[in-house]
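Asks: Encoded as structure tokens, here's the structure I'll be asking about.
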Amino acid sequence: MSNKIETNYPFTGEVLKKYNLFTDKQVEDVLKTSNKTFLAWKRTSISERTDLLKKLVSILNKQKEVLANLITQEMGKPFKESVSEIEKCIWLGDFYIKNSEQFLADSIIETEAKESFISYDPLGTILGIMPWNYPLWQVMRFAIPTITAGNAVILKHANNVTGCSLKIQNIFEEAGYPDGCFQSVIASHNQINYMIGNDIIKAVSLTGSEKAGRKIAETTGKHLKKLVLELGGSNACIVLKDADLEKHIETMVTARMQNAGQSCIAAKRFIVEEEIYDKFLSRFKANIEKLKFGSPLEPETDIATMARVDLAEEVEQQISDSVKKGAKVLIGNKREKAYFEPTILTDVEPGMPVFDDEVFGPVASVIRANNEKHAVELATNSKYGLGTMIFTEKIEEAKRLIGEIQDGALFINEMVKSDPRLPFGGTKYSGYGRELSKEGILEFVNKKTVYIK
């Protein structure tokens, strides 16, 4: 196996930079540095930590365009979407600046004791294994609350966004965080397995594919380490017959096509009641056809290439296998290197890859439902459980469906999206544990019972 990796600009394929994998000694040094830093960092006050977080947010603000350009260069999303990603990281930081003191405060419990409460103590060094599709947001939503809770963090980022990985470490250091509070490693699979087994690593957070989640769960389970998994999704978008298409069709298109469809929480299966099916399909198609393809660095570009050629090839294969089983291509289904044309498939049914599996690209599967009950049955017919969206004007009736949807999120008349104020995570094959909100900052703490008689 080569000890080098390279990053590429997906739009042209040009090599951006080459990096050396860390040696085993470098990995060992990272672990030791992290542990040493944690022993001091855990004793700092929450106000000290949030003061540093204010500096980090300020740096994100000042370097917004530089960081957005790096994201776009390494994984190919339109520059305007990369800017929005940085702005969301800033919002995240502001949220934890305002709320961490309250979230981490001892919880008083009334018992017979003179005093009894829950103390939220940091665990130690937490390993984050993160994906390429939101190179800063995915890392920050894990790292900011985890570090603010008093832990140290080591990041193993996706190889194709190694520049982003190292830049994030630089941002933490520039903000004044102690050396070792946040470190990036360029490591092999064997080195990651070694790290998980090392006593210094107390827990792991992975955002990635179902396949990666299973492998990491097997390793963490062997070592009895805590694990948070945010995995794939095949989110359903239920369009009921009374939905206001004029008001919501653009939201539905964005829910599938933003980031070239490379989002775990994207709407992937559009389940439409038959009374509105033709009208929906006509408007949906017209709006998708308006999307402007071009260089991701151009401000007017709506959709660019996917992040890698192999990812586009995988989507192509999923469509091919589904067409063989009866799916019909309404528009799209053309690939050129890493570019995959926005695609709509109809006559999609359970048993096809585009229904059963996660399709990580700009492909919308449209499914006809006989009625609301049938729509919910189709939506919940999935091994995934990340999120569902329902579009309807009958809000109170839709709220009665909350208990029928077993996903981690249900959004009515809005696309599923992450929000620092709300917990984020899934059920079933979409993983377990939660990020963001109060739940996110308490994932990697020891909820210690203290009882004083």
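Asks: What angle do you read, to the nearest 10 degrees and between 0 and 90, between the alpha-carbon axis of helix 162-174 and the longest principal axis of the chain?
Replies: 40 degrees
Asks: Relative to the longest principal Cα axis of the chain, at what angle does helix 64-75 sit, 0 to 90 degrees, rounded to 10?
Replies: 60 degrees
Asks: Assign unit charges at the C-beta atoms only (+1 for Lys and Arg, -1 for Asp and Glu), then state the dipole size of the chain relative to its Cα centre in Debye, rounded to the nearest 20.
Replies: Its charge dipole is roughly 1040 debye.
Asks: May I pose another question? Could you tell me which residue out of V153, G128, S165 lies farthest along the dipole of region 101-176 toward its positive end? Charges go on the beta carbon: Lys and Arg +1, Asp and Glu -1, centred on the Cα centre.
Replies: The residue sitting farthest along the positive end of the dipole is S165.
Asks: If you count, for each residue, the other Cβ atoms within 10 Å and average over each peptide, how do 234-243, 394-403, 300-309 line up from highest to lowest?
Replies: 234-243, 300-309, 394-403
Asks: If packing is taken as the mean number of other Cβ atoms within 10 Å per residue, what is the order of 6-19, 194-207, 251-264, highest first?
Replies: 251-264, 194-207, 6-19
Asks: Per-residue counts of other Cβ atoms within 10 Å, averaged by peptide: what ranking do you get for 337-347, 355-365, 213-223, highest first?
Replies: Sorting 337-347, 355-365, 213-223 by mean packing, highest first, produces 355-365, 337-347, 213-223.
Asks: Okay, moving on. Of the DSSP beta bridges with both residues in the chain, give the percent that are antiparallel, rounding to the nearest 5.
Replies: If we restrict to bridges inside the chain, about 40 percent are antiparallel.
Asks: A follow-up question, please. Can you flag which of K268/K373; K211/K417; K18/K42 are past 26 Å Cα-Cα?
Replies: With Cα atoms farther than 26 Å apart: K18/K42.
Asks: Post the alpha-carbon centroid distance, region 372-425 to region 97-171, in whole angstrom.
Replies: 28 Å
Asks: What is the angle, in °, between the Cα long axis of helix 137-148 and the longest principal axis of the Cα atoms in the chain? Nearest 10 is fine, range 0 to 90.
Replies: 30 degrees
A short reminder: the numbers here are calculations on the coordinates, not readings from a lab. This one's a predicted model, so the numbers in the text were calculated from it and none came from an experiment. All Cβ positions, glycine included, derive from the backbone under ideal geometry; neighbour counts span all protein chains shown.
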